[in-house]
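Worksheet for the structure shown next.
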Amino acid sequence: MRVWTVPNVITMARIVLIVVFGILLVTEHDGWAITVLAIAGVSDFLDGYLARRWNQSTELGRILDPAADRILTVVVVLGLALREIIPWWLVAILLARDVVVGVALLVGRKRGNAAPQVQMSGKVATAILYVTLPLAYLAFERWPLIHAGAIVGAAVAAVIYWVSGIGYVRAATGAKTDQATSGARASAELD
């Protein structure tokens, strides 16, 4: 199994950046925290792009990349909620979806099902969250209307996130959906 590919190193670096971001966030070093978060976000795009472009997709990357995404989601939403930047109900909605999808993936794997194909709705929800959560962070206690708009945008993203999650659950567990019956399955990250 190949381990030391450029995309895998970028993903491993993202995991380190997530820890650094978490520390900076809770210690209220906001300028540095948002910078590290932006770099982590860019690395999320970059590792997948390079893996496909350079034909460096690996089994380790298929495990590490979604794990890094989930860790980043947990650290960002918990950190922002601890600082009272986002509401706890939003945290519960986002993390509950990840738990449900994670359990479904384990059930599907036990049944011998392949990991479901990434859905566009998942990518859209993740992109919206990547904009609205940092925006809520930046606008907090500075621009109340922008902060409120960012929370509304994150709530909309959470709904889309759940729609994609339901699709992943159906596909992972073998439930009949258009995606599952079309045979469109691939081992890929679940945004």
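Sequentially through the stretch 5-15, phi angles give Karplus couplings (6.51, -1.76, 1.60; θ = phi - 60°) of 9, 4, x, 5, 5, 4, 5, 4, 5, 4, 4 Hz, Gly and Pro residues having no value and appearing as x. Since only 96, 167, 85 are under comparison, the one whose Cα sits farthest along the positive direction of the charge dipole of the chain, derived from C-beta charges on Lys, Arg, Asp and Glu, is 167.
To the nearest 500 deg cm²/dmol, what mean residue ellipticity at 222 nm is calculated for the chain from DSSP H runs of n ≥ 4 alone, each contributing -39,500 (n - 2.57), summed and divided by the residues? Let's see the in-between values first.
Values: 7 runs with 146 residues, N = 191.
After summing the helix terms and dividing by the residues of the chain, the value is -26500 deg cm²/dmol.
Applying the Karplus relation 6.51 cos²θ - 1.76 cosθ + 1.60 with θ = phi - 60° to the stretch 92-107 yields 3J(HN,Hα) values of 4, 5, 5, 6, 4, 4, 5, 5, 4, 5, x, 5, 4, 5, 5, 4 Hz, where x marks Gly and Pro.
What's the ranking of 50-61, 150-161 by average number of surrounding C-beta atoms within 10 Å, highest first?
Numbers: 50-61: 15.1, 150-161: 18.8.
The most tightly packed comes first, giving 150-161, 50-61.
Coupling constants for the stretch 153-160 follow from the phi torsions by the Karplus curve (6.51 cos²θ - 1.76 cosθ + 1.60, θ = phi - 60°), and in residue order they are x, 5, 5, 4, 4, 5, 5, 4 Hz; glycine and proline get x. Here each label is just a point 7 Å from Cα along the line to Cβ, and for residue 175 and residue 30 those points are 4.1 nm apart.
Bear in mind that the values in this text are calculations on the coordinates, not laboratory data. Since the model is a prediction, treat every value here as computed from it, not as a measurement. Here Cβ is always computed from backbone atoms with ideal geometry, including for glycine, and neighbour counts include all displayed protein chains.
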